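*Asks:* There's a structure below that I have some questions on.
The values are calculated or read from the model by the stated rules, or taken from the named source; none is laboratory data. Bear in mind the structure is a predicted one, so any value in this text is a computation, not a measurement. Here Cβ is always computed from backbone atoms with ideal geometry, including for glycine, and neighbour counts include all displayed protein chains.
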Amino acid sequence: MNFAEFAPDYIRSIAPYQPGKPISELARELGLDEANIIKLASNENPLGISPLAKQAIADAMAEAALYPDGNAFELKQVICAKFGVSAAQIVPGNGSNDVLEIAARAFLAPGVEAVYSQHAFAVYPLVTQATGASGISVPAKNFGHDLHEMRAAVTTKTRVLFIANPNNPTGTLLEKLALHDFLRDLPEHVLVVLDEAYDEYLPDDKKSDSIAWLREFDNLIVTRTLSKAYGLAGLRVGFALAHPAVADMMNRVRQPFNVNSLAQAAAIAALKDDDFVRRSRDLNDAGMRQITDGLSQLGLRYIPSFGNFVSFYVANAAAVNQKLLQRGVIVRPIFAYEMPDWLRVSIGLPQENARFLEAMQAILAEGN
Ligand SMILES: *Cc1c(COP(=O)(O)O)cnc(C)c1O
C-alpha cells in the first residue's frame with residue numbers, strides 16, 4: 001500500500017523542513033563528546049533561559065496535571081500591558097511558527113494565493129502549501145524583500161503576504177518608512193503577516209512601528225516569539241497581534257491548549273524580564289562584531305545582519321559544513337533557501353564565536 005497516494009498532491013509536494021542538527025545527534029553520529037560540541041545553528045539564545053522564567057516554571061510544575069488556561073488569560077494581560085493592545089487582538093501560539101500556520105489555515109485554501117520573498121523564512125511556503133493555496137515566491141533584491149515586486153505580485157486571489165523583518169536567514173531589514181508605504185498601498189483583501197521574531201535585537205531607531213500600525217491597518221498581523229531574545233525556544237511560545245476580527249478567525253482554528261502551562265508561566269515571567277532581553281541584545285551586538293570582524297579577516301563575504309545570526313559565503317558549503325561538524329561546530333546550511341553556497345552561523349557566547357572562527361580558519365588553511 002502506498003499511503004502517500006492518499007495525501008493530496010499539495011501535501012506530497014511539501015519539502016520537509018530541515019532543522020538545525022541537535023548536539024546529541026552529532027555526538028551519536030560522529031562519536032564526539034557532547035561537552036565538546038557547540039551549536040550555532042538555530043538562532044537560540046546563548047545566555048540560556050531568564051532566571052525569572054526558570055523560577056516561574058519551577059513554581060508552575062505543581063499544576064502540571066491540570067490542563068493549561070486555554071484562553072491564556074494572564075499571558076494576554078502581560079502582553080496587553082507591554083504592547084498597549086487589547087486581549088481580543090492576541091492569538092497565543094505554540095511558538096510563532098504555530099501562529100504562522102494558524103494564519104495560513106484561517107485565511108488560505110485551494111484557489112487563493114500567498115506571497116512571500118525568495119530567501120525568506122522556510123515556514124511561509126510550508127504552511128501555505130499545507131492549505132492547498134498557491135505560494136508565490138518573489139525574487140529577492142540584495143538578499144532582502146523586494147517590496148515593489150511583492151506589490152506587483154499581489155492579485156485579486158492574494159489573501160496572505162508574509163514579510164520577515166529582519167529576515168531569516170539573510171538578516172536583511174526593511175526601512176520602516178518603506179514598509180509603512182507598502183502597507184498603505186496594499187489592497188485591504190491582503191492580510192500582511194509581519195514576522196518580527198528578531199525585533200528585540202534591533203537598535204531602537206531601527207525598530208518598526210508595527211504595534212502602532214495595527215491601529216492604522218486592519219489587515220496587519222504582527223507576530224512575535226519568545227524563542228530568541230527571551231530564550232524560551234524549547235518551550236514554544238509566540239503570539240500574533242491583529243485586528244480583533246482577524247484574531248477571532250485565527251483563534252477558531254487554534255488548538256485550545258496550544259500553549260502548555262509551563263510555557264505560559266515562563267513567558268509571563270520572561271516578558272517582564274527587560275534586563276535579560278537587554279543583556280541578550282548587548283551580548284549579540286558584541287558577538288556580531290566578533291564574528292563579522294573574524295569573517296572579514298578570513299576573507300569571507302557575509303550579508304550584514306540585523307538578527308542574532310549571520311550568513312556567509314563559502315564555495316562548497318556542504319563540504320565546509322561537514323568539516324565544521326567534524327570539529328564539533330554545528331552551523332546551518334541554507335541550500336533549502338536557494339543559497340547553496342552559504343552557511344548561517346548563530347551568534348553565541350564569546351568563546352563559542354572564537355571556536356567557530358578558529359575552526360573556519362583551520363578549514364580554510366586545509367584548502368577549502
Ligand atoms: C526563529 C524564527 C521564528 C520563531 O519561531 P518559533 O516558532 O517562535 O520558535 C519565527 N520567524 C522567523 C523568521 C524566525 O527566524
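*Asks:* Considering only region 1-101, give the helices (runs of 4 or more DSSP H) lying wholly within it that have at least 3 residues that are in contact with an Asp or Glu (Cβ under 7 Å, 6 or more places away or on another chain) and farther than 17 Å from R224 by Cβ.
*Replies:* Qualifying helices (runs of 4 or more DSSP H): 23-30.
*Asks:* Regarding R252, is this residue charged (D, E, K, R), assigned by TED's automatic domain parsing to the domain that holds A65 and over 21 Å from the mean Cα position of the chain (by Cα)?
*Replies:* Against the criterion (charged (D, E, K, R), assigned by TED's automatic domain parsing to the domain that holds A65 and over 21 Å from the mean Cα position of the chain (by Cα)), R252 qualifies.
*Asks:* Looking at (1) within 30 Å of L75 (Cα to Cα); (2) modelled with pLDDT under 95, find the lone condition where L271 falls short.
*Replies:* The number of the failed condition is (2).
*Asks:* Follow-up question, since we're still on this one. Restricting attention to region 167-204, which residues are more than 22 Å from Y124 (Cα to Cα), within 21 Å of the chain's Cα centre (by Cα) and without any contact (Cβ under 8 Å) to a residue 40 or more places away in the chain?
*Replies:* If the condition is that a residue be more than 22 Å from Y124 (Cα to Cα), within 21 Å of the chain's Cα centre (by Cα) and without any contact (Cβ under 8 Å) to a residue 40 or more places away in the chain, then P203, D204 are the ones that fit.
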